Amino acid sequence: MSRIRIILQGVFGRRFSRHFLAGMFLFLLVPVAASCQVPAGTDSVPTAQTGVPNQTSATPSPTFDQVIDRVAEREHFFLAQMRHLHPLVETYIQNLKGDEDKALPVSDQYFLGRLNMSKGTQDLSFMGQPGFGRKFVSSLTGLYGMKFLPLGFAQMVVLDDDFERKYYKFTFVRREFLGSVRCLVIDAEPLDKSAKGRFVGRIWVEDQDYNVVRFNGTYSGHERYSYYLHFDSWRMNMRPGLWLPAYIYSEESNLLYRGGHKLHFKAQTRLWGYDLRQAGQNEEFSQIVVDAPQQSVTDQSAAAQDPTPVESQRHWESEAEQNAVERLEKVGLLAPEGDVDKVLQTVVDNLIVTNNLTIEPEVRTRVLLTSPLESFTIGHVIVVSRGLLDVLPDEASLAMVLAHELSHIALGHRLDTKFAFNDRMLFPDENTFQRLDFARDQADEDAADKKALEILTKSPYKDKLGNAGLFLKALQEHAPELKNLIRPHLGNSLASGKSTRMSALLTSAPQLQPERTDQIAALPLGGRIRVDPWSDKIELIRTKPVAILTSSEKMPFEVTPFYPYLTRLSDVGSEKVTATGPAN
Ligand SMILES: [Zn+2]
């Protein structure tokens, strides 16, 4: 299992308004649902080979045993597919303290890696290989040392390495919709109570092809000092006939482990970056062959002239910028350019226009797909993490984050042009955070803070800066406990024990009042940005604000359970497949 030791993650979402004057962020709280629709894929890569899918509707009604056998067959197919897929896996854990009704995070942990289930499973079938599932479940035993393993969480993508009717007692519960997908709800208990690592709990099976789309429970047969966590594992329909793991929520409130210590935590695991073709060099090569020849050649001959030294320097810098951005996108850390960037860019434009700034080449924005709260610039590209976008309570706070980065650009703080040498982009994915570093020195940081304040006071956000200051206060307050969330991996820290970015805004901000339900300083992780785990494309989640009833529902920076809105590709996807088909 090759593991990238990397960053953090988050969730939450609200619709950013396109036109700041028409309506600022309309920020309130968003329901706790990292709903993630599956956009249509572009074509059928792992061919789903759905066994006997459509016959099921023709066959009047299969018996319950037949359904279970089909589920088992689909589950084995799923495992075989997973051997070839290597999504990014991010787990963010918040350790809690206090009574169950008001437990607060006291520390946190973060892991990012690439899932690799091919090791030790050389055969095509997983059947009759007792080692696989047991091995992975046993790594959860690291828990009793209070040491969480990313692999342990990632492994909750698997129901049972050899799921068969003969090992379980199944009970049909009811039919139920998850999103737009009708499911059979079935309880499963291992017949052999002492069997280790068998699933115990409830499964949701979509009623067309009988793929498992959700399972909720734990594994059986723990030993004295090892425990299996409880988890709620969700899959999404990413390819025709193929449902792949996207979200896992886990929590324990009273798990006793060795020494009588209690384990009390909640954790989110997210998977994305399934489509490896994005990093596929063959495809790029063929694109070059097809697209490149004439135009670029003729264009250049028209302007056949050496650039001035200043132009050369600019060109060199944008080459470095391009290299770094492309590398991050290839690793699966940067979302492809899209609609969310347009929203961010609108806010940046608001700042530029009202301050009469002239910046060449123009400023662009991109979203880092991970949860730790951070922002940084790569040349003239402002990057904001998904986690940070999630927790920002309003548009003024977003403007504050963007103004700081814009200031680096306006002040001419340069990207290290070492990235213009292409050999520096050739490194293993897991070294991304060592090799790509966009942090600035303190002098640059201070200068950017100062400039940003100037920009903001001349901007349309000038009367709302109290909110931004309030967000910074919340950030400062939680920085000691949430060290792994409020910690940059590529840029500079937003807040640490010592300093807080844009701290001048703190003084004008109102008092933090955690008990007041109408004061929202920061949102929970998870509701603003929806990621397509297959393509890494992102969009803003459109949800109606939910009124906060008690202060315990505010949950600033906290993780919450997942309830993605499930859809079938065939429900919404067929037209999109046709429409976007030839593009890639
Ligand atoms: Zn900075």
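Read the figures in this text as sums done on the coordinates, not as results from a lab. On a predicted model such as this, the values are computed, not experimentally measured, just so you know. Counting neighbours? That spans all protein chains shown, and the Cβs are built from the backbone with ideal geometry, glycine included.
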Notebook entry, point to check: In terms of modelled amide H atoms, which long-range or inter-chain residues lie less than 5 Å from the amide H of Thr365?
Noted result: Ile382
Item checked: Inter-label distance for His84 and Gln305, nm, one decimal - labels placed 7 Å from Cα along Cα-to-Cβ -> 5.3 nm
Next item on the list: Would you please give the residues with an amide H less than 5 Å from that of Gly379, counting only those at least 5 places away or on a separate chain, with H modeled from the backbone geometry?
Entry: Leu415
Item checked: the range 424-564: C-alpha gyration tensor shape, a/c 1.5 cut-off, then a/b vs b/c -> oblate
Next item on the list: Would you mind getting me the FRET efficiency between Asp339 and Glu176? Use the beta-carbon distance for r and R0 = 51 Å, nearest 0.05.
Entry: 0.95
Notebook entry, point to check: Taking the simple approach of a point 7 Å from Cα along Cα-to-Cβ for both Glu164 and Ile359, what is their distance in nm?
Noted result: 6.2 nm
Next item on the list: Could you work out how far apart the two model spin labels at Lys544 and Gln208 are, taking each label as a point 7 Å from the Cα in the direction of the beta carbon, and quote it in nm?
Entry: 2.9 nm
